[in-house]
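Enquirer: Supplied in structure tokens, the structure appears directly below.
What follows draws every value from the coordinates through simple rules; no lab data is involved. Everything quoted here is computed from the prediction, not taken from an experiment. Methodologically, a virtual Cβ is constructed for each residue, glycine included, from the backbone with ideal geometry; neighbour enumeration extends over all protein chains shown.
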Amino acid sequence: MKKLITTLIIAMSVVVFVSCNNKTWYTALGNASFATDKIWTISGNGITQIWSDAVQTDYCSNKTSFDGGDFRTSTFNIDCRSNPEFSGDLFSWQAVYELRDELCPYPWRVPTMEDFVDLDIALGGTGRWRQATAENAQFVVDNYINRWGGAFGGICGSNGTLHNQGLWGHYWSLSDENVDFGFRLRFTKPGLISPEDVDGKGAGFSLRCIR
């Protein structure tokens, strides 16, 4: 009986990785690495921050398990490196949370919502939501793209499809609002800016590390 129970536990622990390129992986997460060795130092308004380049991993998968695949608690990454403007993977919030020490190894860490607010202020913004205008669109290009090194990486849905490539930039923070929603940085090509935005935890967004 004891052996049977052990076998059942092992069987229930099997994790299936449903890939966005129709492959299935049964492997653990490989070592994460930064897309390049470039370090981004952002200073302004008495705030100085050091950021990594984009984070990337080895696999193209979204993790579901025997619980029916609740994407709010999806824990693996969705790789959308078919996007030529962004060399990193897109992760669910839960992936960022559970794998934070692997994705952002010490002395790096996953940024908080407050870090994104400080980033926007250091870049010359208000730290608050701004509507899409021509002036704000130029601010995004000058600061979030050229100065911070961000990208319009788009969104990867829970089915592995890529949306808004080249139009929207989304970056997860470690902060969350509740069990369903996490805080993110959002900026768009038309100029909408929100350093304290929220979205469903199952969406695949970009990740940058801070130290």
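Enquirer: For an R0 of 25 angstrom, estimate the FRET efficiency from the Cβ-Cβ distance between ILE47 and ASN178 and round to the nearest 0.05.
Expert: After rounding to 0.05, the efficiency reads 0.30.
Enquirer: Please state the shape class of the stretch 106-178: rounded when a/c is under 1.5, otherwise prolate if a/b exceeds b/c and oblate if not, all from the C-alpha gyration tensor.
Expert: Because a/c hits 1.5 or more and a/b fails to exceed b/c, the stretch 106-178 counts as oblate.
Enquirer: I would also like to ask the following. Which distance in nm do the two modelled labels at ARG100 and ASP37 give, with both placed 7 Å along the Cα-to-Cβ direction?
Expert: 2.9 nm
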